[in-house]
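The values are calculated or read from the model by the stated rules, or taken from the named source; none is laboratory data. None of the values given here were measured: they were computed from a predicted structure. Methodologically, a virtual Cβ is constructed for each residue, glycine included, from the backbone with ideal geometry; neighbour enumeration extends over all protein chains shown. When the accessible area is computed, the model is the full protein with side chains, heavy atoms only, and any ligands, DNA or RNA have been set aside. Shrake-Rupley method; radii C 1.70, N 1.55, O 1.52, S 1.80 Å.
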Amino acid sequence: MYLDEVFGLSGKTAVVTGAGRGIGQVVACGLAKAGAEIVIISRSGAEETVDMITKAGGKAYDLKADVTKEDEVDAAVAEIMRRSGKIDILFNNAGICIHKGTLEASIEEWRSVIDINLTGEYIMARAVGRTMIEKGIQGSIVNMASMSGTIVNIPQWQASYNASKAGVIHLTKSLAAEWIGYGIRVNSLSPGYIATPMSADVPQELKDAWEPLMPMHRMGKPEELIPAVLYLVSPAAGYTTGADVIVDGGYTCI
């Protein structure tokens, strides 16, 4: 079928970081339904996500690694090559957010957010990109950014998170330009407020403040991100690289 030819991922191996829950879990399941074998990299394991995929008839396994530690990432990539033989797709999703003003947040908290959200994505992209180049794989990398890399969120203050995601967007453009000659496409996804376990921990007063600012007056569903990711990693996006795809219910357009 035409849609399978354009958007299908049959025979592809997709690596997803931070897929133990939330957006990563939902997107991993979506990529599996499109035909990809899923490899999940997380610090604490992702047995639940693997079970969800395999029970639905897909293929998946998980590996434990901290994306901020280059030796652990390199070991995980080597294990994926041993078990799966290739990496076609990376959804670089692991991240954290700390809602604290600049004067309240510690330097350690700043470094933690930057280390996971920006340096961690750099380390993962670097390891996977190197492997794609060595093996001649014309693959696709999607880095998780955020609308927070484009706007400043209110009323909460989160300078570390916003700076990290702005960095991810420009890192994406830089890698896209650097690796275009190898046939590797690098794009970023920038969600708005999405209803996930991370957002469930946010005080209700913040959610109440956000809703009037959203043109759709609701948070997005993680499932509503799957089509954007499928586009970016599939043959349909063959001429798309260095792009930041914003899926935010119109938040950043006003």
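At a glance:
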{"quantity": "Projected-area mean, the stretch 78-185, by convex hull of Cα positions, square nanometres", "calculated": "7.2 nm²"}
{"quantity": "Extent along principal axes [Cα atoms of the stretch 1-120; Å; largest to smallest]", "calculated": "56, 28, 25"}
{"quantity": "Between helix 70-84 and the chain: long-axis angle, C-alpha atoms, 0 to 90°, nearest 10", "calculated": "40 degrees"}
{"quantity": "Calculated FRET efficiency for the pair Glu47/Ser174, C-beta based, R₀ 35 Å, to 0.05", "calculated": "0.50"}
{"quantity": "Cα-based helix-to-principal-axis angle, 120-135 vs the chain, degrees rounded to 10", "calculated": "20 degrees"}
{"quantity": "Expected 222 nm ellipticity per residue - DSSP helices of 4 or more, -39500 (n - 2.57), all of the chain, to 500", "calculated": "-12500 deg cm²/dmol"}
{"quantity": "Accessible solvent surface per residue of the stretch 19-163, calculated while the other protein chains remain in place, 1.4 angstrom probe, Å²", "calculated": "45 Å²"}
{"quantity": "With Cα atoms, 0 to 90° folded angle of helix 159-179 axis to the chain main axis", "calculated": "30 degrees"}
{"quantity": "Carbon/sulfur fraction of accessible area - the stretch 136-238, other protein chains in place, 1.4 Å, %", "calculated": "60 percent"}
{"quantity": "The stretch 1-118, accessible surface, carbon-and-sulfur percent (1.4 angstrom probe)", "calculated": "51 percent"}
{"quantity": "Glu205-Asp71 FRET efficiency (beta carbon distance; Förster radius 51 Å; 0.05 resolution)", "calculated": "0.75"}
{"quantity": "The chain, relative contact order in percent, only Cα pairs under 8 angstrom and at least six apart counted", "calculated": "20 percent"}
{"quantity": "Over 30 Å [Cα-Cα, the chain], rounded percent", "calculated": "22 percent"}
{"quantity": "Rg/Rg_ref, the stretch 183-235, where Rg_ref = 2.2 N^0.38 Å and atoms are Cα", "calculated": "1.42"}
{"quantity": "Those lysines that a straight Cα-Cα span of less than 29 Å connects to Lys55, excepting residues fewer than 8 apart in one chain", "calculated": "Lys12, Lys33, Lys64, Lys86, Lys221"}
